[in-house]
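Just so it is clear, none of the values below were taken in a lab; they were calculated from the coordinates. All of these numbers come straight from a predicted model, not from anything done at the bench. Counting neighbours? That spans all protein chains shown, and the Cβs are built from the backbone with ideal geometry, glycine included.
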Amino acid sequence: MKKIVALLIAAGVSMSAFAASETYVSDPSHTFSRFSYNHFGYSVQESRFDKTNAKVVLDRAAHTGSVEATIDTTSVSTGSSIFNGHIQGEDFLDTKKFPTATYKSTKFNFEGDKLVSVDGNLTLKGVTKPVTLTVTGFQCMPHPIVKKDACGASATATIKRTEFNAGKYAPYVGDDVTLTFAIEAIKE
């Protein structure tokens, strides 16, 4: 019996060696973080960060993976240089003290072969909170231009800005902020 158990364990270990993790690095021309919020009930404002980079490790066969993303909060783009400065101020992003935000995954969640969500931790303005990203699009295939394997994804989540010490004017300016991420990454 011990030999059978040992063989099963050895087979499990050797089979796990066939599952291969692949590493992908984000394409800066096609990777962006966006945010939107209700502005005094008048409109939903949409802005983005021009500089987001990420590294993704993915094992599609094992349905596992990880992502680490860094957002340059000084690259906020609202469409107005005056408003960019306002958003970068102490009441909101405080980019002098906190020039980056990060997202580090803790788990990829699959339904069959489809990636449906990513659990992880968002650090913004020095505060870390768990955030689950709902994956709204995901695809891996050979990139037709760079001739390497590539993966892309779109994901969204909603956070409360007051939980990240960025709650000035809440609730008049909406506390709920919708985050949207678009990433395209090329295999290393």
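Of note:
- Put simply, of T102, T70 the only residue that is surrounded by fewer than 16 Cβ atoms within 10 Å (Cβ to Cβ) and within 18 Å of the chain's Cα centre (by Cα) is T102.
- Members of the stretch 160-180 found to be more than 13 Å from the chain's Cα centre (by Cα) and in a strand (DSSP E or B), listed by number: K160, V173, G174, D175, D176, V177
- Restricting attention to the stretch 23-63 and to residues that are among the aliphatic types (A, V, I, L, M) and assigned to a loop (DSSP other than H, G, I, E, B), the residue that is surrounded by the most Cβ atoms within 10 Å (Cβ to Cβ) turns out to be A62.
- Any hit, the stretch 152-167, residues being farther than 30 Å from E90 by Cα, touching a Ser or Thr at 6+ places or on another chain (Cβ under 6 Å) and hydroxyl-bearing (S, T, Y): no
- Top-ranked residue of the stretch 73-99 - restricted to ones that are β-branched (V, I, T) and not in a loop (DSSP other than H, G, I, E, B), ranked as nearest to the chain's Cα centre (by Cα): T73
- Cross-chain or 6+ apart pairs with Cβ under 7 Å, the stretch 34-55 first and over 17 Å from A170 (Cβ atoms), then surrounded by fewer than 16 Cβ atoms within 10 Å (Cβ to Cβ): R34/E46; N53/P28; A54/E68; K55/T23; K55/V25; K55/E68
- From the options T162, T158, T132, residue that is touching an Asp or Glu at 6+ places or on another chain (Cβ under 7 Å), of a type in the set (S, T, Y) and farther than 18 Å from S33 by Cβ: T162
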